[in-house]
Every structure is written in C-alpha cells, then in structure tokens.
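The values are calculated or read from the model by the stated rules, or taken from the named source; none is laboratory data. Owing to the predicted nature of the structure, the values given are computational and were not obtained by experimental measurement. All Cβ positions, even for glycine, are placed from backbone atoms using ideal geometry, and neighbour counts span all protein chains on display. Protein only, heavy atoms only, side chains kept; ligands, DNA and RNA dropped before computing areas. Shrake-Rupley method; radii C 1.70, N 1.55, O 1.52, S 1.80 Å.
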Amino acid sequence: MQTTHIRDFFYYVSKRTLKTSWILFKLMIPISILIRIIQEFNVLPYISNVLNPLMKVCGLPAETSLVWITSMVVNIYGGILSLFAIYPSLSEPLTVAQLTVLLTMMLVAHTFPIELKIAQKAGVKFIFMFLFRFLSALVFGIVLSLIYSSLNVLQEPVILSKALVLQHPGWAAWAINEVKNYAIIIAVIGALISLIRILEIIGFMELINKAMRPLLKGLGISDDVLSITLIGLTLGIAYGGGLVIDESNRKQIKPKDIFYSLLLMGLFHSIFEDTLLMIGIGGHYSGIIIFRFIMACIITFAIVRFTKNMKSDTFNRLFITKNYIKKLKTKEQTI
C-alpha cells in the first residue's frame with residue numbers, strides 16, 4: 001500500500017513538472033532566440049534614447065536609460081552588463097542613492113518579453129501588465145529618489161565590484177547556457193511541486209495559509225493562489241506564473257484572484273536571487289527590499305480597493321484575456 005502511495009506521488013509530481021515546464025518553454029525558447037538576435041544587432045542603444053528624459057526625472061544620468069531598457073528587453077543580468085559597460089563613460093560616479101534607485105527600477109521592470117507573456121498566458125492582458133510594471137517602476141524611481149535627496153542620505157559615490165563584470169557570450173556558449181537554465185527550471189519546478197504536495201499531505205500548507213492570510217487577504221490574494229503567490233514572491237514570476245497557469249488549467253480560479261496575485265508578483269518577486277544580486281552590486285537594502293515591499297503592498301492594495309466591487313464584465317473586459325474567460329466558461333459547462 002505504501003509503495004502505491006509513493007508511486008502515485010512521483011507520478012503526480014512528474015506529470016505536473018513536465019506539464020508546467022512545457023508551458024514555460026513554449027513561451028521562453030522563441031522569445032529568448034528573438035532577444036538574442038536583437039542583442040546581436042545592437043539596437044537597444046537607439047531605443048534607450050527615448051527614455052533619457054524619464055531617467056532625469058528619477059535623478060539619474062540620461063546614459064542609464066540603456067541599463068534600464070536592456071533589463072526590460074533582455075533580463076537583469078543584461079542590464080548589469082550594460083551598467084558596467086557605460087559606467088566608465090559617466091561624467092561622475094553614481095551615488096549609492098542613485099544606484100539603489102536604478103536597481104530598484106530594474107527589479108520592478110525587467111525581462112518583459114518572457115514575464116509579461118507568462119502573465120498573459122495566466123490570464124492577465126499583456127498591455128495592462130506592461131503599462132502597470134513600467135509605470136510602477138517609474139513611480140518607484142521618482143519617489144525613492146525624492147526620499148534620498150530630501151533626507152540627504154546615501155550620497156557617497158559608489159564603487160562597483162569588478163568581480164561582478166559579466167561577459168557577453170558567443171552563440172555556442174549562449175545556447176549551452178540556455179540549455180543549462182532550462183534544466184535548472186525543470187529541477188526547481190519539480191522540487192517546488194514536490195514540496196507543495198508534501199506540505200499539503202501533512203497539513204502544513206494550511207498552517208502557512210493561516211499565518212499569511214491576514215496580510216495577503218488585504219491585498220486580494222485568495223487561498224486558491226496563496227501558496228503559488230508565495231513562490232512567485234520568493235523565486236520569481238517564471239516559477240510562480242508557470243504554476244498559476246498550471247493550477248488554472250486544473251481547477252477554476254476566479255479572474256480577480258489571478259489578477260491580484262500577478263499584480264503583487266509583478267512588483268515584488270524573486271526576493272532571494274535578484275534582490276541579493278542587487279545588494280551585492282552596491283544597492284542599499286532600504287530601497288531594494290524595504291521601500292520596494294512597502295510600495296508593492298500600497299499599490300496592490302489601492303488597485304484591489306478600486307476594482308474589488310467592479311462588475312465582473314467590466315473587470316474582465318479591462319484586465320483579463322478572452323482566452324482565460326473562454327476557458328472558465330468551458331469548465332463551467334462541463335461541471
């Protein structure tokens with residue numbers, strides 16, 4: 001009997017891991033190839049000029065627009081590579097406050113082609129998530145810059161660690177690195193699904209839900225997506241969003257639950273890898289962690305209050321994809 005339970009457990013984990021990974025890879029692989037081609041033709045410096053005035057509003061040199069646009073189009077690591085590339089050409093070094101502002105904006109708005117596509121697949125409209133995260137990052141930058149300048153803190157010049165300089169790989173090295181990344185994704189997703197399943201079986205997941213419910217309930221996060229949201233917050237949208245997609249395929253999740261979960265994840269996610277990376281570069285925890293968390297909660301809370309009593313038809317038309325609504329209706333008909 002025990003052998004049967006173990007076999008059922010591994011079958012459940014393997015099936016969900018492969019299914020979730022396949023959902024992500026169908027989105028990530030073609031987009032990754034397209035991004036690589038864009039990098040090869042070096043078009044981002046021309047696009048970044050459009051953002052120059054916005055960087056000045058955030059108290060940053062115009063040249064740092066290339067860093068932000070690279071983070072949004074490629075990923076955070078690409079943005080860091082751009083930062084080290086342009087840093088010697090700056091008229092004067094960035095202050096710790098300026099670097100923290102820039103890195104905080106990057107944490108909110110990065111890897112758009114993949115992360116926004118995942119959010120769209122999960123059920124939230126692409127254009128809304130783009131505008132939401134882009135404008136939120138801009139607000140984060142403006143407010144944080146004003147706080148640091150008015151308090152006159154963290155104004156000392158920053159020294160970037162040369163140990164963190166990244167090399168731009170050739171096509172072969174890039175392809176090998178991509179395969180390694182996909183293997184890591186499969187392993188992490190398998191581990192997460194296994195952990196969640198074990199916690200569900202022993203009843204610990206219910207304890208986690210009870211502990212987090214007071215905070216997340218006020219932010220519109222329901223029990224149906226609470227555990228997945230926590231994964232997104234700690235490990236990133238690729239994992240949290242992928243599990244949201246898989247979970248919504250398995251059972252009915254209300255559009256507002258999906259929406260609020262992805263809102264919070266969009267503003268505050270990957271608090272381990274990305275956050276520690278930014279602090280390692282020289283960003284200050286006051287902006288990277290504390291300010292970003294508080295602002296994420298405030299913005300999410302405000303949108304939840306504004307949309308909570310909105311009629312379902314209006315809400316769905318503004319924020320939810322037609323495919324997700326169609327999928328929900330199909331499930332209702334089969335019940």
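Could you give me the residue pairs with C-beta distances under 6 Å whose first residue belongs to region 76-87 and is farther than 17 Å from Ile114 by Cβ, whose second residue is surrounded by 22 or more Cβ atoms within 10 Å (Cβ to Cβ) and of a type in the set (S, T, N, Q) wherever it lies, and which are 6+ apart or on separate chains?
So the pair list comes out as Ser82/Thr70.
Return the total of residues in region 1-51 being among the basic types (Lys, Arg) and open to solvent by less than 80 Å² (accessible area, probe 1.4 Å).
Residues flagged as among the basic types (Lys, Arg) and open to solvent by less than 80 Å² (accessible area, probe 1.4 Å) within region 1-51 amount to 2.
Do you know which residues across region 289-320 are under 23 Å from the mean Cα position of the chain (by Cα) and farther than 20 Å from Leu135 by Cβ?
Result: Ile289, Ile290, Asn316.
So how many residues does region 164-179 have that are in a loop (DSSP other than H, G, I, E, B) and either surrounded by 10 or more Cβ atoms within 10 Å (Cβ to Cβ) or at pLDDT below 60 (or both)?
Of the residues in region 164-179, the ones in a loop (DSSP other than H, G, I, E, B) are 165-170.
Subset that is either surrounded by 10 or more Cβ atoms within 10 Å (Cβ to Cβ) or at pLDDT below 60 (or both): 165-169.
Looking only at that region, the number is 5.
Among the residues of region 116-131, write down those that are on the phi < 0 side of the Ramachandran plot and open to solvent by less than 20 Å² (accessible area, probe 1.4 Å). Don't jump to the end; show me each part of the working.
Start the filter on region 116-131 by keeping residues that are on the phi < 0 side of the Ramachandran plot, which leaves 116-122, 124-131.
Within region 116-131, Leu116, Ile118, Ala119, Ala122, Val124, Met129 qualify.
Is it the case that Leu90 is among the aliphatic types (A, V, I, L, M), open to solvent by less than 80 Å² (accessible area, probe 1.4 Å) and touching a Leu at 6+ places or on another chain (Cβ under 7 Å)?
Taking the combined requirement at face value, the residue does not satisfy it.
Somewhere in region 195-217, is a residue small (Gly, Ala, Ser), out of contact with any Gly (no Cβ under 7 Å at 6 or more places or on another chain), at negative phi and touching a residue at least 60 places away in the same chain (Cβ under 8 Å)?
Of all residues in region 195-217, those small (Gly, Ala, Ser) come to 203, 211.
Going one step further and asking which of them are out of contact with any Gly (no Cβ under 7 Å at 6 or more places or on another chain), we end up with 203, 211.
Next cut, at negative phi only: 211.
Adding the requirement that they be touching a residue at least 60 places away in the same chain (Cβ under 8 Å) leaves none.
No, that holds for no residue.
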